[in-house]
Amino acid sequence: MWINGEESDSIGGERMWTVSPAHDKQVASYPLADAADVDRAVRAAREAFDQGPWPSMMGRRRSRALEQVADLIQKNIDSLARLETLESGKPISQAVEEMKAAVDLWRYAATLARHVHGDSYNSLGENKLGFVLREPVGVVAMITPWNFPLLIVSQKLPFALAAGCTAVIKPSELTPGTTLRLAELTTEAGIPPGVVNVVNGYGSPVGSHLASHSEINFMSFTGSTAVGRSVAAAAGQNLKGVSLELGGKNPNIVFADADMDAAVDAAVFGVYFNMGECCNSGSRLLVESGVADEFTRRIVEKARTIPVGDPLDPATKVGAIINEEQLSRIKGYIRSGMQCEARLLLGGGVMPTEHGRFVEPTIFDRVTAEMPIAREEIFGPVLSVLTFDTRAEAIALANDTCYGLSAGVWTRDVETAFEISQRVRAGTIWINCFMDGYPELPFGGYHDSGLGRELGRFSLDEFTELKTIQLHLGSRGTPWV
Ligand code: NAD
C-alpha cells in the first residue's frame, strides 16, 4: 500500500494476490487492508490537507508537480503497460495506448491547476464587494474498477490534485498494481507525503468503510450501478458529495445513408474493444432495416478476423476475460440470447485454451428490445443487433434502457445527426465516430449510468467548494437600532 509518501504493510499483516487472467499465474502479492488501515490512510490524507502545504500551494507549483507525474508515467510506459496487461488481461498494444492517454490526462489537469478561480461582484451596492472563491473540497476517496485501472484513476486523481485536494484511493482488488506504482511516482514527482494514499482490499470492508467515513469530504466512484447505489447511500449518511461513473448499454445507431466502411469498423471496435469489458461498449447496434442484412453480414465477416488470444502478443486485439465470475456472467447472457430465440450469427463459445479465459467474438441478430441481451450490461464481447425503420423508432429504442452513458450515430444527414444528438438521453453522443475521448470533454452518464461528470474544466466543480465572501467598505451606514 502507499500511505503518507511511503510503502506500507497492513496492520494485520494479511496479504492478497493478483492472478493473470490470460495465464492463470500469480502476478503480484500485496498487503490486504482492513478498516484500521483505511483509518490510517484517511488520517494521512486529512493531515496533508489540514496542515498543508498542498491545498494552499501556488497553482504554478501544483501544475509543475502534475507535469512531472506525466513525465514519469511517460518514462515508465512499458513497465506500467505490462503490469496492466498481466493483471487485467487486456492486449498489450491497447495498454500502451491507455498509458499514453493517462499521460495526456495528467498534462491537461496540470493546466487546470492554474485556473482554479471563482467570481467577483461589484454590483451589490456602493461600498460592497462580493467574492466567490473555489476552495478544494478536502479529502477525496476514489474507488476504481478493474477494466481500465490506470486510466480511470487518472480521470480522477490529477483533477482532484489540481484543485488542491488530497486523496485516498482504493483500486480494484483484481488490478491494484499500476495504481500503486502511480502513487509511488507522485511522491517521486515531489508531491508531499499524505497527499496521495492507496489502500488495497475488497469492496467490503475497505470500499464500504471509505464510503461511510466521516473524515472524507467527497467520494468519487467508478464501477457497477449496484455498488454505486450502495456507495451513494453510505456517503449520504454523512452528507459527503458523490460522483458516480457507472454502467452502460450504449446504442450505436446506423442509418442507411452512413459511410458503411467506417460504421462497420467502428461497430466492431465499439463492442470488442477491451473484450467488451467497457462501460462505453457499443453493445446495442441499432441498424436501419433496409441495410441491416448487408451491414450485419459485413460485421460478422470483420469480427471473424479479430485476433483473440495472449494479451502479451502485440498482434492481439481481444485478450482474456478478467475472472471466472465474469466469464459465467457472459456465458449466462449468451444462453439467454439463445433461449430468447435471437439468432446467433457468430461465436457464442469459450475458446479451448490451456490457460486463461477467452470468449469468441459473438453476434446475435433478430434481437428485440425486451430481451435481456438488449437491455442489460453484459460486459463481454457480445453484440446484439436490433433494427428500426424510422428516426423516431431509433430514438425510442435508444432510450429504452435504464442507462444513459453514451450513444453513437452514423449518418451523412445533418438533421438526423442533430435530432439523435438532442433526443437520445446520454452523457456523450458520437456522430460518425465511436468511443473517442479527450481530457477537455466532460464524461459521465444520465439515469443509472451515474451522477456528475469527470474531465474537462467542469471536473474542478466536483473537487471544489464554493465560499462566498462579502466585503463592506467604509462606514456601516444606517444603524439597525
Ligand atoms: P464493481 O462495482 O464490482 O467494483 C468497483 C469498485 O468498487 C472495486 O474497487 C470494488 O472493490 C469496489 N466495491 C465493491 N463493493 C463495494 C462496496 N460495497 N462499497 C464500496 N466499494 C465497493 O465494478 P467492477 O466489476 O470492478 O467494474 C465493472 C463495472 O464498472 C461495470 O458496470 C462498468 O460499466 C463500470 N464502469 C463504469 C465506467 C464509467 O466511467 N462509467 C468505467 C469503467 C467501468
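The values are calculated or read from the model by the stated rules, or taken from the named source; none is laboratory data. Computed from a predicted model, the values in this text were never measured in an experiment. Here the Cβ is made from the backbone with ideal geometry for all residues, glycine too, and neighbour counts use every protein chain on show. The area values use the complete protein model at the heavy-atom level, side chains included, leaving out ligands, DNA and RNA. Shrake-Rupley method; radii C 1.70, N 1.55, O 1.52, S 1.80 Å.
Rg and Dmax of the stretch 79-130, Cα atoms, in Å?
21.9, 65
Can you give me the Cα centroid spacing of the stretch 324-375 and the stretch 264-307 in angstrom?
14
For the stretch 1-34 and the stretch 201-219, compute the distance between their C-alpha centroids and round to whole Å.
The stretch 1-34 and the stretch 201-219 have Cα centres spaced 18 Å from each other.
Return the long-range amide H neighbours of Leu383 (sequence gap of 5 or more, or a different chain), with a cut-off of under 5 Å between placed amide H atoms.
Thr362, Ile363, Phe364
Leu133 versus Thr390, label points 7 Å from Cα toward the beta carbon: distance in nm?
Once both label points are built, they end up 5.8 nm from each other.
Find how much the distance from Arg412 to Asp400 grows on full extension, using 0.36 nm per residue of separation minus their present alpha carbon separation; answer in nm with one decimal.
1.9 nm
Using just the alpha carbons, could you tell me how many Å³ per residue the convex hull of the stretch 84-222 encloses?
It is 130 Å³ per residue.
Assuming a ≥ b ≥ c are the square roots of the Cα gyration tensor eigenvalues, decide whether the chain counts as rounded (a/c under 1.5), prolate (otherwise, with a/b larger than b/c) or oblate.
Because a/c hits 1.5 or more and a/b fails to exceed b/c, the chain counts as oblate.
I want the local charge near Met371. Using Cβ-Cβ distances under 13 Å, sum +1 for each Lys or Arg and -1 for each Asp or Glu among the other residues.
Surrounding charge for Met371 is +1.
In degrees between 0 and 90, to the nearest 10, how far off the longest principal axis of the chain does helix 414-423 point, with axes built from Cα atoms?
Computed tilt is about 60 degrees.
Rounded to the nearest 0.05, what FRET efficiency is calculated for Gln26 and Arg329 with R0 set to 25 Å and r the Cβ-Cβ distance?
0.60
Can you give the helix-only mean residue ellipticity at 222 nm for the chain, where every DSSP H stretch with n ≥ 4 adds -39500 (n - 2.57) and the sum goes over all residues, rounded to the nearest 500 deg cm²/dmol?
Calculated from helices alone, the mean residue ellipticity at 222 nm is -12000 deg cm²/dmol.
Using the basic label-point model (7 angstrom from Cα toward the beta carbon), what is the His472 to Arg457 distance in nanometres?
Output for this residue pair reads 3.4 nm.
Let me see the pair-distance distribution of the stretch 247-329: every alpha carbon pair, 10 Å bin width, integer percents in order.
For the stretch 247-329, the binned pair fractions read 17, 44, 30, 9, 0 percent.
What FRET efficiency, computed as 1/(1 + (r/R0)^6) with R0 = 22 Å and r the Cβ-Cβ distance, is obtained for Gln422 and Asp257, rounded to the nearest 0.05?
Once the sixth-power term is evaluated, E becomes 0.70.
What does the charge count around Asp400 come to, taking other residues whose C-beta lies under 10 Å from its C-beta (Lys +1, Arg +1, Asp -1, Glu -1)?
Surrounding charge for Asp400 is +2.
Determine the sum of side-chain charges near Leu133: Lys and Arg each +1, Asp and Glu each -1, restricted to other residues whose C-beta is under 14 angstrom from that of Leu133.
Residues near Leu133 contribute -2 overall.
Which whole-Hz ³J(HN,Hα) couplings does the stretch 430-436 yield from phi under the Karplus relation 6.51 cos²θ - 1.76 cosθ + 1.60, θ = phi - 60°, glycine and proline marked x?
Whole-Hz 3J(HN,Hα) from phi for the stretch 430-436: 9, 9, 6, 7, 8, 6, 5.
Sorted from largest down, give the three principal axis spans of the alpha carbons of the stretch 306-349, whole angstrom values.
37, 24, 10
Considering amide H positions built from the backbone, and no H for Pro or chain starts, which residues 5 or more places from Gly408, or on another chain, come under 5 Å of its amide H?
Those qualifying (amide H under 5 Å, at least 5 residues apart or on another chain) are Asn252, Ile253, Trp430.
Which FRET efficiency value, to the nearest 0.05, do you get for Tyr202 and Lys100 by plugging their Cβ-Cβ distance into 1/(1 + (r/R0)^6) with R0 = 45 Å?
0.90
Remind me, relative contact order of the stretch 247-325 in percent, using alpha carbon pairs under 8 angstrom and six or more residues apart?
The value is 32 percent.
List, largest first, the extents of the alpha carbons of the stretch 241-283 along their principal axes, each in whole Å.
44, 21, 12
If a/c stays under 1.5 just call it rounded; otherwise compare a/b with b/c (prolate if a/b is bigger, oblate if not). Do that for the stretch 1-112, with a ≥ b ≥ c from the square roots of the Cα gyration tensor eigenvalues.
Cα axes put the stretch 1-112 in the oblate bin.
Can you give the angle from 0 to 90° between the axis of helix 59-75 and the longest principal axis of the chain, with both taken from C-alpha atoms, to the nearest 10?
40
What's the longest piece of the chain with no exposed GluC sites (Glu not before Pro), counting a site as exposed if DSSP puts it in a loop and it has at most 12 other beta carbons within 10 Å?
The segment 127-340 is the longest one with no such site.
Write down the percent of antiparallel bridges among all DSSP beta bridges whose residues are both part of the chain, to the nearest 5.
40
Work out how much length Met351 to Asp293 would gain on full extension: take 0.36 nm times their residue separation and subtract the Cα-Cα distance, in nm to one decimal.
Full extension of this stretch gives 18.2 nm more.
Using a/c under 1.5 as the rounded threshold, could you call the stretch 346-468 rounded, prolate or oblate? The axes a ≥ b ≥ c are square roots of the C-alpha gyration tensor eigenvalues, and prolate needs a/b larger than b/c, oblate otherwise.
Because a/c hits 1.5 or more and a/b fails to exceed b/c, the stretch 346-468 counts as oblate.
Give, as ranges by residue number, the residues of the stretch 283-298 whose backbone N falls under 13 Å from the point 7 Å along Cα→Cβ of Arg343.
Of the residues in the stretch 283-298, 292-298 have backbone N under 13 Å from the label point off Arg343.
May I ask you to evaluate 6.51 cos²θ - 1.76 cosθ + 1.60, the Karplus curve with θ = phi - 60°, for each residue of the stretch 139-145 and list the ³J(HN,Hα) values in order in whole Hz, giving x for glycine and proline?
8, 10, 9, 10, 10, 10, x
For the chain, what is the relative contact order in percent, using Cα pairs closer than 8 Å and at least 6 residues apart in sequence?
18
Pull up all non-local amide H partners of Asp24: gap of 5 or more, or a different chain, and H-to-H distance under 5 Å with H placed in the peptide plane.
It is Gly356, by chain and number.
If you bin the C-alpha pair distances of the stretch 147-242 every 5 Å from 0, what whole percents do you get?
Distribution as computed: 2, 13, 24, 26, 21, 10, 3, 0 percent.
If you line up the long axis of helix 289-303 against the longest principal axis of the chain, both from Cα atoms, how many degrees apart are they, to the nearest 10?
80
Could you go through the stretch 34-49 in sequence order and give the Karplus-derived ³J(HN,Hα) for each residue, using 6.51 cos²θ - 1.76 cosθ + 1.60 with θ = phi - 60°, rounded to whole Hz, and x for Gly and Pro?
Working through the residues one at a time gives 10, 4, 5, 5, 4, 4, 5, 5, 5, 4, 4, 5, 4, 5, 5, 7 Hz.
Between the alpha-carbon centers of the stretch 118-139 and the stretch 420-449, tell me the distance in whole angstrom.
Their Cα centres are 33 Å away from one another.
How much of the accessible area of the stretch 49-208, in percent, comes from carbon and sulfur atoms when a 1.4 Å probe is used?
Taking all protein chains in place, the stretch 49-208 shows 50 percent carbon and sulfur surface.
With the crude spin-label approximation of a point 7 Å out along Cα→Cβ, what separation in nm comes out for Tyr121 versus Ile11?
4.7
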